[in-house]
1. Is the shape of the protein assembly as shown rounded, prolate or oblate, going by the alpha carbon gyration tensor and its root eigenvalues a ≥ b ≥ c, with a/c under 1.5 for rounded and a/b larger than b/c for prolate?
2. At q = 0.08 Å⁻¹, what log₁₀ I(q)/I(0) does a Debye calculation on the Cα points of chain A give, no solvent, two decimals?
3. For each of A:117, A:191, B:215, A:4, count neighbouring Cβ atoms within 10 Å of the residue's Cβ, then give the residues from fewest to most.
4. At 0.36 nm per residue, minus the direct Cα-Cα distance, what do residue B:278 and residue B:74 gain on full extension? Give it in nm, one decimal, please.
5. Go ahead and estimate [θ] at 222 nm for the protein assembly as shown from helices alone: -39,500 (n - 2.57) per DSSP H run with n ≥ 4, summed, over the residue count, rounded to 500.
6. With a Förster radius of 25 Å, plug the Cβ-Cβ distance of residue A:439 and residue A:43 into 1/(1 + (r/R0)^6) and report the FRET value to the nearest 0.05.
7. Using Cα pairs under 8 angstrom and six or more residues apart, how large is the relative contact order of region A:116-278, in percent?
8. I need B:149, B:302 ordered by Cβ neighbour count within 10 Å, fewest first.
Ligand code: SF4
Ligand code: SF4
């Protein structure tokens, strides 16, 4: 199979065999869900319900007037017991609506499935926004914004991201196997919304079954092509994917629209399809619960707001004591110190790692081995940025383009000195942005 | 559910398993073939020098860090790499007190006093070797005093006279060993010069392990070959005799003291090759590998700046690197 790819990157072990053949399951609902009102990039939502009020599945509980924002819906029926700042997966606190689960929990569409070809572009974007769809690959950028490209930047190609290049995660793989029609439907809707002509579905070659299934379904469509991609991290990163599929380079600091491309994750494509044809809000998502410490690893469809502890219980608890529980993939996800945080729209997985896989080794000076330079898919010099950031020399870090780093972690993965490069870069970026705001 | 004790740390949560210790261990492993050849040729003399340098390196690293109030870092094995490299760069009958001084300068001055592994500008082993050559006149009195303490283990069946490169220089080509002898095994000069083959086996192992980059040795050796040929000397002897192959694979590839980018490594290799050829052909010294590396080391920051990669998607701006340097340092 001819495979395309980008330059740089790394080949971490895939660790996908635990779950890649397990169909997506549903689990029992928890007694309470915790729904943060800011699960996306952009403006936070303000609550649209009060404590004591009852809510239904899919009811809007938070919204914002800002364009770059996405409404938040209740994932269950029940009543609101609290609205307060609660721990969020990224180590902060976010205003969240706590709902006691009670009554009938099925969601029924109040419309017959629509044909997207009959819906005009503006209504498509509205439907996507109202459904609160955000990028499900992890970044959680509001999807309707991406479907509204700048007028002067025509988009010709939609890329559906089925790379799933993070180790351990298999939810996108399962979505492609189990719901290929919906992926294609979402792709078609996105194509219509941005006025593109071509659709490409990029899939790493470690998922030959998904490539086959998607090829079958996509083959029936006009101008839709499955592109097998080399298994390499971070193949699924937006700019790297566009380079691999279209051989176009998004300039530094620019968006994919600059080169006429739009990238949507496969899960997001399904969410777009459901939002536009059924009016279904994004109140549940598919994620992978896995790692050596999980008794029964699973791919699950989970209601947003389900506490991690409940999810883990439903997977049989821990088979061995974990040292790290990660929300998201192991390359970019967040380690949790408490299991009370809820699953949110951007949670693609829960990975539990044992002591033996967690490096607590002390880090050292940079020994200039150059491995990070070879790994960086943005062609930066992570060694220098790291040294400057470590020394709090943020001006230098900025001159060495720390702001072009998208924190894929490839550099830190290969570093023999185990330098916490991503942490250095985050500190530097935060400080640089803070200075800009002050200036 | 049980509440496990969970660690919070930044991503990524996986790593390649590479460590500095492992890389250094691989370098030591890569030196085993040439150590074996040295021992075959020079018996206890080789072992003795290796022990002297390694013990001195370890004591110096430990002692200097103790003095500076830092935790010792012997487990990263870098002191032993320096000790072994320096020992191999010495002739087998080298006076042990000078080996001690050289190792002390290498590990104590070139490495630890510069901030420890990672901060050193000069390759420690090369620094030690060159310091011994330059300071040789200063040690004459010492040698006289210490001479009775000189240790020799058995007779070494090598004419301790002229090395192949010296013969070449003196125009005594008829005395030169054959190419194949030089390539496979030929005593004379420093221990590491005794077998190109053994050095290459180690170098290929490091390449295979991904610890070194082929560009530096290939361009260094290639440059010496081309330039000596162009200038009318015998390029095969310049490559096969002397410390060129050893220096190119084991010293010019040192992580800390050579450029970080591929392009930079090529520049370093070419620059070093030019210096080696010029020193060998136009200077009194028959050998010039250590000097050349030492002269290239301080240029590394400049080479790094000149070869800074263009970041992803950057097209128009700064096609000529020099212009970029201005924008960088402004
Ligand atoms: S985290 Fe940033 S610097 Fe490191 S490899 Fe990724 S993009 Fe490059
Ligand atoms: S990988 Fe680590 S040790 Fe190597 S150059 Fe990069 S930061 Fe330095």
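Only the coordinates and a few stated rules stand behind these numbers; no lab work does. Because the structure is a prediction, the values reported are computed rather than measured. Here Cβ is always computed from backbone atoms with ideal geometry, including for glycine, and neighbour counts include all displayed protein chains.
1. prolate
2. -0.44
3. Ranked by crowding around the Cβ, least crowded first: A:117, A:4, B:215, A:191.
4. Result: 69.6 nm gained on full extension.
5. Helices in the protein assembly as shown give a 222 nm mean residue ellipticity of -11500 deg cm²/dmol.
6. 0.65
7. The value is 33 percent.
8. Ordered from fewest to most neighbouring Cβ atoms within 10 Å, B:149, B:302 come out as B:149, B:302.
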